[in-house]
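Working notes, beginning with the structure itself.
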Amino acid sequence: MNPHLLRQLWALVEQSQSHRILSLDDNSLVHWLIDQVSGERSLDTVETANLNCYIRSRIPLIRDIAQS
């Protein structure tokens, strides 16, 4: 994955309101994060698929960050 895309994702996680992240189920969270990232930059289908897999593998960490 593109390092810029990773930085963008984690900045989004850190800047998001924790109640938003914690209130969404896993699928909704993945889709919401992808929608937020794609709103800032255009993603092709490969980037979207990679981002989807990456987010799914990091859901526990994303929720831990939101709780802290």
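The values are calculated or read from the model by the stated rules, or taken from the named source; none is laboratory data. Treat the numbers as computed from the prediction; the structure is a model and nothing was measured. Don't worry about glycine lacking a Cβ; one is built from the backbone with ideal geometry, like all the others, and counts go over all protein chains shown.
For this structure, a couple of remarks:
- If the condition is being over 10 Å from the mean Cα position of the chain (by Cα), assigned to a helix (DSSP H, G or I) and either hydroxyl-bearing (Ser, Thr, Tyr) or more than 16 Å from SER57 (Cα to Cα) (or both), then the range 15-44 contributes GLN15, SER18, HIS19, ARG20, LEU22, SER23, SER28, SER38, GLY39, GLU40.
- Residues being modelled with pLDDT under 95 and either of a type in the set (Lys, Arg) or exposed (fewer than 10 other Cβ atoms within 10 Å of the Cβ) (or both) are entirely absent from the range 50-66.
- The C-beta contact set for the range 16-34 (first residue surrounded by 11 or more Cβ atoms within 10 Å (Cβ to Cβ), second residue charged (D, E, K, R) and assigned to a helix (DSSP H, G or I), distance under 7 angstrom, 6+ apart or interchain) comprises ILE21/ARG63; LEU22/ARG63; VAL30/ARG56.
- Of residues in the range 45-56 being among the hydroxyl-bearing types (Ser, Thr, Tyr) and within 17 Å of GLN8 (Cα to Cα), the one nearest to the chain's Cα centre (by Cα): TYR54
- Within the range 1-14, the residues that satisfy the criterion of being part of a helix (DSSP H, G or I) and either in contact with a Leu (Cβ under 8 Å, 6 or more places away or on another chain) or more than 13 Å from ALA66 (Cα to Cα) (or both) are PRO3, HIS4, LEU5, LEU6, ARG7, GLN8, LEU9, LEU12, VAL13.
- Of all residue pairs spaced 6 or more apart or on separate chains, those with beta-carbon atoms under 7 Å, a first member in the range 51-68 that is touching a residue at least 12 places away in the same chain (Cβ under 8 Å) and a second member that is in a helix (DSSP H, G or I) and loosely packed, with under 12 Cβ neighbours inside 10 Å are ILE65/GLU14.
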